[in-house]
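Notes follow once the structure below has been shown.
The values are calculated or read from the model by the stated rules, or taken from the named source; none is laboratory data. This is a predicted model, so every value here is computed, not measured. So basically every Cβ, Gly included, is an ideal-geometry build from the backbone, and we count neighbours across all protein chains shown. Surface accessibility is based on the protein's heavy atoms, side chains included, excluding ligands, DNA and RNA. Shrake-Rupley method; radii C 1.70, N 1.55, O 1.52, S 1.80 Å.
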Amino acid sequence: MNEKIKNIMNRVKNSITSAIINAYYGKYLELGLPPRRFIQVNIETNSICTRTCHYCLFGIRKVPARHMSSQLFFNIIDQLVEMHFIGRVSLFEINEPLTDKRIYDFTRYISCVLPRCYQLLVTNGDLLNQERLDALMENGLDQLIINSYDEKSFNKNEVWFKYGTEKYPGRIEHCDKTSFKEWTSRSGHIKQYYAGEAVNTFCEYPNYILYIKPDGKVLACWNDFDEENVMGDLNRDSIREIWYGHRFKRFRGFVNKGNRSISYLCRRCDHTPDLNYMRQNKLITKKKLKKGFHSTEIVNGRMEDEAIAIKRKYLEGSAINEKDKVIYSSC
């Protein structure tokens, strides 16, 4: 087959794939069909970062330090177990996840009770060393992405990338951001990257991703620096009640039809939907199960006992009762 025919076939394949993605993710939303379950969960366990980057919330204002209670964290994960959730779980949102020393135990807890989920973490590498990298991987992290924003951090992180690539092939990625130019405005917050006008199309974020802040608030979007669009509070309501509840339903009713008048954040937002991102997040879990490069089996007695021990470590005097064992075993 010559090169010309190959190129034609690739263009046809890409066009078909694009049409399928648009129909499955885009048209479904525009038609106002019933909400699907989220395919990605971001849990921000604290609001701390080691940097003040120009393209980020930490670069434009001082951010008060907030910490998610361990009780709330375990409650969130246990709800996902009860919902039989299979998808991506990331223990970060806009923070630096390695500033939370509980991250290793939390990662292990998820790998014990949600072994079919895909755990992905993004770090700037400032706090990364061999011991911490090994702890993340050995506790069940599926993918670690290291972003380097200056030459010094790049050289340091390259060492851990090479080490991790050799020891954990296929599970470490190092991104050179030292000359990166494609920053976004984060829905108009970062003025120098603002496109100049808002978009008037649907938005994929409130339809496929569950964003949870350290205090338990659920937001419709990770660009919501001022928490304008709060969909619920997990200290009062369940994940299921919030995701399928009135606030989310009303919010989606506006944005899925391209009506951004629902809030000031949405009215100025210049984010263009990236449906392929949604598709990739849906596929990575399937790829994990197919590859089976580390534990994906149904929770057995050892993993159940380990999960209970981790919970007991952080909740101390709280009772770990028979209900917990039923939850873990039903995963």
**Asked** Just for the stretch 38-79: of the residues that are of a type in the set (Ser, Thr, Tyr) and in a loop (DSSP other than H, G, I, E, B), which one is surrounded by the most Cβ atoms within 10 Å (Cβ to Cβ)?
**Response** Thr45
**Prompt:** What are the residue pairs meeting all of these: first residue in the stretch 303-314, first residue open to solvent by 30 Å² or more (accessible area, probe 1.4 Å), second residue of a type in the set (S, T, N, Q) and modelled with pLDDT of 95 or more, Cβ atoms under 7 Å, and 6 or more apart or on different chains?
**Reply:** Tyr314/Ser70
**Prompt:** When both residues are 6+ apart or on different chains and their Cβ atoms are under 8 Å apart, which pairs have a first residue that lies in the stretch 50-75 and is more than 15 Å from Glu96 (Cβ to Cβ) and touching a residue at least 40 places away in the same chain (Cβ under 8 Å), and a second that is acidic (Asp, Glu) and part of a loop (DSSP other than H, G, I, E, B)?
**Reply:** none
**Message:** Can you say whether Met231 is in contact with a strand residue (DSSP E or B) (Cβ under 9 Å, 6 or more places away or on another chain) and touching a residue at least 40 places away in the same chain (Cβ under 8 Å), as far as the supplied structure shows?
**Reply:** no
**Complete:** Of the residues in the stretch 104-119, those that are of a type outside the set (Gly, Ala, Ser) and under 16 Å from Asn75 (Cα atoms) number 9
**Prompt:** Considering the stretch 251-292 alone, what residues qualify as being open to solvent by 20 Å² or more (accessible area, probe 1.4 Å) and of a type in the set (Val, Ile, Thr)?
**Reply:** Ile262, Thr272, Ile284
**Complete:** When the stretch 130-144 is checked residue by residue, the ones that are under 21 Å from Ile94 (Cα atoms) and either β-branched (Val, Ile, Thr) or surrounded by fewer than 19 Cβ atoms within 10 Å (Cβ to Cβ) (or both) are Arg132
**Item:** Unique residue being under 30 Å from Asn129 (Cβ atoms) and among the basic types (Lys, Arg) when the list is Lys167, Lys249, Lys191, Lys217
**Value:** Lys167
**Prompt:** Could we say that Phe248 is open to solvent by less than 40 Å² (accessible area, probe 1.4 Å), outside any strand (DSSP E or B), touching a residue at least 60 places away in the same chain (Cβ under 8 Å) and under 21 Å from Phe92 (Cα atoms) here?
**Reply:** no
**Item:** Of all residues in the stretch 190-204 being of a type in the set (Val, Ile, Thr) and in contact with a His (Cβ under 9 Å, 6 or more places away or on another chain), the one that is least open to solvent (accessible area, probe 1.4 Å)
**Value:** Ile190
**Message:** Here's a check for you: in the stretch 82-118, which residue that is open to solvent by 20 Å² or more (accessible area, probe 1.4 Å) and in a helix (DSSP H, G or I) is nearest to Arg132 (Cα to Cα)?
**Reply:** Tyr104
**Request:** For the stretch 203-215, indicate whether the set of residues that are in contact with a Ser or Thr (Cβ under 6 Å, 6 or more places away or on another chain) and either at positive phi or not in a helix (DSSP H, G or I) (or both) is non-empty.
**Result:** yes
**Request:** Would you point out the residue of the stretch 194-229, among those that are among the acidic types (Asp, Glu) and more than 18 Å from Asn259 (Cβ to Cβ), that is farthest from the chain's Cα centre (by Cα)?
**Result:** Asp226
**Residues being under 17 Å from the mean Cα position of the chain (by Cα) and within 18 Å of Trp222 (Cβ to Cβ) - total across the stretch 64-98** = 13
**Prompt:** Looking at the stretch 222-233, which of the residues that are touching an Asp or Glu at 6+ places or on another chain (Cβ under 9 Å) and surrounded by 15 or more Cβ atoms within 10 Å (Cβ to Cβ) is farthest from Gly188 (Cα to Cα)?
**Reply:** Gly232
